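Asks: What follows is a single structure, and I will ask about it in a moment.
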Amino acid sequence: MNLQQLQYILAVAESKHFEKAASKCFITQSTLSTMILKFEEEIGIKIFDRKTKPVLITKEGEEIIKHLQVITKEIRTLENKVQELKGEITGEFKIGIIPTVAPYLLPLFLSEFVNKFSKVKIVVQEMTTLDIQKSLKNRSLDIGIAAIPLEDPELKEYILYNEQFMLFDCFNDRHDKSHINLTNMDYSHLILLEEGHCLRTQVRKICNLSKKYSENLTNFEFRAGSIDSLIRFTKSYKGITLLPYMATIDLQKEDKDRLKSLAFPVPIRSIGLIVHQHFVKKRLLEELSMIIQSSVLPLISIPTECKLIKPL
């Protein structure tokens, strides 16, 4: 058996189709089928039922594929470690980032990071926190950028920065710059992101600090899919919402006039890098962390008295 055979088997297991798997592996279908058949003959176990469409995996084949997935992951880990020891950084590097951070953070660091590692193919994708966790665990993702802590024993977290929450108030016409106490807020016009965003959960946790939150909820609820939509609808509906500080930096002056600071203890969220516990691309991790922090920290001023709002 050889590594190519393992890759061919996993490609068929993923696509459930020999022709699609062959195309993905850049070989002919007959070559792929022959290589897999030789592997099956060598181990004496039939992995695929070729009589069905889509191709089915046999019960014994499912067990074999589980082991092959572990083996190929370990081989990739070894290859990455060898590259690092030799001072070579090449290949593909996948980053997953939550949507409530991506549009504000990526423009600050991505260009510098890409230019520094010109031999690395860097793939960035917006993902929910849950999808980032799943992808890190199955090793289809190298690094996640999300609100922490996640308190997942299989993952490691490295804090990048803290950002405070600001009140975006389009309900009150007075541009009062005094700090707003959570317990005195009028929640009847509160607008949130839709389900699935960790920011929605964080804001609900902040608001739950006030007894008035559950008492004053309106009978109308708009669930925005992005912070940009959240800001636009808050203005249109003349409502209120809570925004992370990074999302407020590039607001127009008239919108910045609607921002109000929250009274102490100021709620904040922590943004960090998340990797699998066996992650080996340490140099890329360190460089990414330094580049992000050098671009973000000068923009953020956190009050000395803060309250960390943990994501659920």
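Each reported figure results from applying straightforward, stated rules to the coordinates on display, with no laboratory input. As the structure is a computational prediction, the values presented were derived from the model and not from experiment. Don't worry about glycine lacking a Cβ; one is built from the backbone with ideal geometry, like all the others, and counts go over all protein chains shown.
Asks: What GluC sites (Glu not before Pro) in segment 53-152 are in a loop by DSSP, with at most 13 other Cβ atoms within 10 Å of the Cβ?
Replies: Glu88, Glu151
Asks: Using the basic label-point model (7 angstrom from Cα toward the beta carbon), what is the Thr28 to Tyr158 distance in nanometres?
Replies: Between Thr28 and Tyr158, the simple spin-label model gives 4.7 nm.
Asks: Okay, next question. Show me, for segment 271-278, the HN-Hα J-couplings you get by feeding each phi into the Karplus relation (A = 6.51, B = -1.76, C = 1.60, θ = phi - 60°), rounded to Hz, glycine and proline as x.
Replies: For segment 271-278, the Karplus curve yields 10, x, 8, 10, 9, 5, 4, 9 Hz.
Asks: Stokes-Einstein diffusion coefficient for segment 85-167 at 20 °C in a medium of 1.002 mPa s, Rh from the Kirkwood formula over Cα pairs: what value in µm²/s?
Replies: The estimated diffusion coefficient comes to 151 µm²/s.
Asks: While we're looking at this one, here's another question. Evaluate Rg over Rh across segment 1-139, taking Cα atoms for both radii and Kirkwood's formula for Rh.
Replies: 1.06
Asks: If I model a spin label at Glu60 and Ser226 as a point 7 Å from the Cα along the Cα→Cβ vector, what separation in nanometres do I get?
Replies: Inter-label distance under the simple model: 5.2 nm.
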